[in-house]
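Visitor: Sharing a structure, written as structure tokens. Questions coming.
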Amino acid sequence: MKKIAFSDRYGLTQAVVDLIKTNTRRIEKSLDVLPLEYDPLSTEFQFEYKDGIIIGRRIFRIIIGRRIFNGSHAETYHLKPRYKIGEVVAVSQSYKDIDERGIVGFVASDIQPGMVSPIFAEQSAGWTNKMFVCADLMPYRIRITDIKLERLQDISDEDCMREGIMEGEFMNTWDTFYFDQWGDVPNHITFKTPRKAFASLIDRISGRGTWEQNPWVYAYSFELV
């Protein structure tokens, strides 16, 4: 079983568990690489999801000197998203967070050659780092219900909310949208629109400038199972 990780710093794992977050966007870098002789502003993409593969076709406008040749080059891409529609994926959490204290693996014994010794959760890297946990031991799972490929800034306000953005009323501000659900209300980072809140969130998770770069992303929809 595969795993998927959400940011704990901004409460997104808990947002999945609380059924607030039902979308996630993951960057696909290969589509941003264009040969220099092509005009990137002229590309047009069409995508189709089939049997776990996204088939994409784009048409380039080739520039040679001052001459422009419209529609003179086409390429077809076969992209394989990490997750498939219908696939059940474990939500990664550290063993410490889920209070897992049992045996999580085995290692060759230093005392008895040919034998193995158990590794308990508290002794493993997964005790505090959810990158190293066993998927089968995770208490929560999601099922992928839809996949689409789009530019990051193509996200709708509705999908911003499905990404874990929340709405509330706060004193001394007209801003009502936020993503930091931890701590006292005065510590919430608030914004005027879901879009502005999501733009700030993705920059904090994926690095400053991600929103402005507007990369291609896989937009996964999912349900908690």
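Visitor: Quick check on the range 12-31: of everything there that is open to solvent by less than 70 Å² (accessible area, probe 1.4 Å) and modelled with pLDDT under 90, which residue is nearest to the chain's Cα centre (by Cα)?
Guide: E28
Visitor: Kindly indicate whether any position in the range 88-102 is part of a loop (DSSP other than H, G, I, E, B), at pLDDT below 90 and of a type in the set (G, A, S). Before the answer, list the steps.
Guide: Our first condition is that a residue be part of a loop (DSSP other than H, G, I, E, B); within the range 88-102, this holds for 92-102.
Then keep just the ones that are at pLDDT below 90; that gives none.
No; the residues of the range 88-102 include none that is part of a loop (DSSP other than H, G, I, E, B), at pLDDT below 90 and of a type in the set (G, A, S).
Visitor: Quick one: how many residues across the range 145-165 are more than 15 Å from F222 (Cα to Cα) and not in a strand (DSSP E or B)?
Guide: Of the residues in the range 145-165, 7 are more than 15 Å from F222 (Cα to Cα) and not in a strand (DSSP E or B).
Visitor: Follow-up. From the residues in the range 52-86 that are open to solvent by less than 40 Å² (accessible area, probe 1.4 Å) and either at pLDDT 95 or above or not in a strand (DSSP E or B) (or both), which one is nearest to V17 (Cα to Cα)?
Guide: Narrowing the range 52-86 to residues open to solvent by less than 40 Å² (accessible area, probe 1.4 Å): 52, 54, 56, 58, 60, 62, 79, 81, 83.
Those left that are additionally either at pLDDT 95 or above or not in a strand (DSSP E or B) (or both): 52, 81, 83.
Values: G52: 26, P81: 23, Y83: 19 Å.
My answer is Y83.
Visitor: Now for a different question. Write out, first by first residue and then by second, each pair whose Cβ atoms fall under 9 Å of each other, whose residues are 6+ apart or on separate chains, and whose first residue, in the range 81-99, is free of Cβ contacts under 8 Å to residues at least 60 places away in the same chain and more than 20 Å from L137 (Cβ to Cβ) while the second is of a type in the set (K, R) and part of a strand (DSSP E or B).
Guide: Final answer for the pair search is G86/R143.
The values are calculated or read from the model by the stated rules, or taken from the named source; none is laboratory data. In this text, all values refer to a predicted model and were calculated from it rather than measured experimentally. Ideal geometry is used to build each Cβ from the backbone, glycine not excepted, and the neighbour counts take in all protein chains shown. Surface areas here come from the heavy atoms of the whole protein model, side chains and all, with no ligands, DNA or RNA. Shrake-Rupley method; radii C 1.70, N 1.55, O 1.52, S 1.80 Å.
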